[in-house]
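One structure is given below, encoded as structure tokens.
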Amino acid sequence: MSSEKYAVIWKHFEQNSDLGKHLKASEDFSLPYFLTAEEKAKFDQKEQVSLNPFHLVMGLLVGYFDQPPGIDTTFAKEKAPAIIQEQLPNFKTTSQENLIIDISNFLRDSHGQKVSLQSLMTGVELLPESSAIKYDACIDLINCIDDDELDDRMAAVQQLKLLLSKIEAKKLNKELVQDYMKMIEIANEF
């Protein structure tokens with residue numbers, strides 16, 4: 001998956017590499033890394049791009065549902081929760097939920113709501129009990145629908161209604177409950 005503003009690249013690793021040993025890989029594997037426009041330009045010019053845990057965590061969140069040709073993404077999906085958990089100290093946070101919300105906010109500010117939505121939908125997949133992640137995903141979904149950024153508007157509306165139905169209002173911060181009720185009204189108007 002790529003656009004002019006960013007790219008997710010899938011980097012190949014050998015099973016017996018240091019990372020492969022650390023992740024207990026049973027065969028060679030690939031992991032997704034998120035590149036900014038500048039990093040993508042360097043990568044396209046075959047220049048060296050220094051990849052770090054920030055690139056990897058963003059890549060896992062944005063590229064989780066990617067299906068790149070010729071690349072098996074199964075290992076990355078299986079290991080995503082453990083990799084993200086291991087990186088919590090580097091991001092100075094104590095929970096995967098906070099990390100996913102923070103990274104998604106960063107992505108929204110830097111690359112737009114559609115990229116943030118991809119990250120949050122991965123969050124919904126990894127932490128299905130998180131009403132806070134679903135809440136943020138609903139905001140991005142409404143904005144993407146309003147701005148006509150999604151290919152299938154009807155599917156997006158259905159996804160919005162499904163996510164809203166799975167949010168437990170009592171698990172949200174009290175100040176968000178009124179906005180949550182407003183989102184239900186908006187979804188019913190679509």
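The values are calculated or read from the model by the stated rules, or taken from the named source; none is laboratory data. In this text the structure is predicted, and so the values were computed from the model without any measurement. FYI the Cβ positions are ideal-geometry reconstructions off the backbone, even for glycines, and counts take in every protein chain you see. Side chains included, ligands, DNA and RNA excluded: accessible areas come from the protein's heavy atoms. Shrake-Rupley method; radii C 1.70, N 1.55, O 1.52, S 1.80 Å.
Among the residues of the range 76-108, those identified as of a type outside the set (Lys, Arg) and over 14 Å from the mean Cα position of the chain (by Cα) are 78, 82, 85, 86, 87, 88, 89, 90, 91, 93, 94, 95. Every residue in the range 20-50 that is more than 9 Å from residue 9 (Cβ to Cβ), hydrophobic (A, V, I, L, M, F, W, C) and either in contact (Cβ under 8 Å) with a residue 60 or more places away in the chain or outside any helix (DSSP H, G or I) (or both), please. 23, 25, 29, 31 - these are the residues of the range 20-50 that are more than 9 Å from residue 9 (Cβ to Cβ), hydrophobic (A, V, I, L, M, F, W, C) and either in contact (Cβ under 8 Å) with a residue 60 or more places away in the chain or outside any helix (DSSP H, G or I) (or both). When 65, 43 are screened for being within 14 Å of the chain's Cα centre (by Cα) and not basic (Lys, Arg), only 65 passes.
Between 94, 122, which is open to solvent by 40 Å² or more (accessible area, probe 1.4 Å), touching a helix residue (DSSP H, G or I) at 6+ places or on another chain (Cβ under 7 Å), of a type outside the set (Asp, Glu) and not in a strand (DSSP E or B)?
Values: 122 fails: open to solvent by 40 Å² or more (accessible area, probe 1.4 Å).
Answer to the check: 94.
If you go through the range 55-76 one residue at a time, how many are assigned to a helix (DSSP H, G or I) and polar (S, T, N, Q)? Outline the logic, then answer.
Of the range 55-76, the ones assigned to a helix (DSSP H, G or I) are 55-63, 74-76.
Those left that are additionally polar (S, T, N, Q): 74.
Of the residues in the range 55-76, 1 are assigned to a helix (DSSP H, G or I) and polar (S, T, N, Q).
Answer with yes or no whether residue 79 is at pLDDT below 90 and either in a loop (DSSP other than H, G, I, E, B) or not small (Gly, Ala, Ser) (or both). Against the criterion (at pLDDT below 90 and either in a loop (DSSP other than H, G, I, E, B) or not small (Gly, Ala, Ser) (or both)), residue 79 does not qualify. Evaluated against (1) touching a residue at least 60 places away in the same chain (Cβ under 8 Å); (2) open to solvent by 30 Å² or more (accessible area, probe 1.4 Å), residue 112 falls short on exactly one condition, (2).
Confirm whether residue 39 is acidic (Asp, Glu) and surrounded by 15 or more Cβ atoms within 10 Å (Cβ to Cβ).
Values: acidic (Asp, Glu): yes; surrounded by 15 or more Cβ atoms within 10 Å (Cβ to Cβ): yes.
Yes, satisfied.
Residue count for the range 121-140, restricted to those that are free of Cβ contacts under 8 Å to residues at least 24 places away in the same chain and within 10 Å of the chain's Cα centre (by Cα): 0. Being β-branched (Val, Ile, Thr) and within 18 Å of residue 113 (Cβ to Cβ) is a property that holds for residue 186. Going by the conditions given, is residue 150 assigned to a loop (DSSP other than H, G, I, E, B) and either among the aliphatic types (A, V, I, L, M) or farther than 14 Å from residue 117 by Cβ (or both)? Criteria met by residue 150. Of everything in the range 108-134 that is in contact with a strand residue (DSSP E or B) (Cβ under 8 Å, 6 or more places away or on another chain) and of a type outside the set (Gly, Ala, Ser), the residue that is nearest to residue 166 (Cα to Cα) is 115. Looking across the range 170-181, just one residue is charged (D, E, K, R) and open to solvent by less than 100 Å² (accessible area, probe 1.4 Å), and that is 179.
Just wondering, is there one or more residues in the range 152-169 that are open to solvent by less than 60 Å² (accessible area, probe 1.4 Å), closer than 20 Å to residue 127 by Cβ and more than 22 Å from the chain's Cα centre (by Cα)? Yes, there is a match, as at least one residue in the range 152-169 is open to solvent by less than 60 Å² (accessible area, probe 1.4 Å), closer than 20 Å to residue 127 by Cβ and more than 22 Å from the chain's Cα centre (by Cα).
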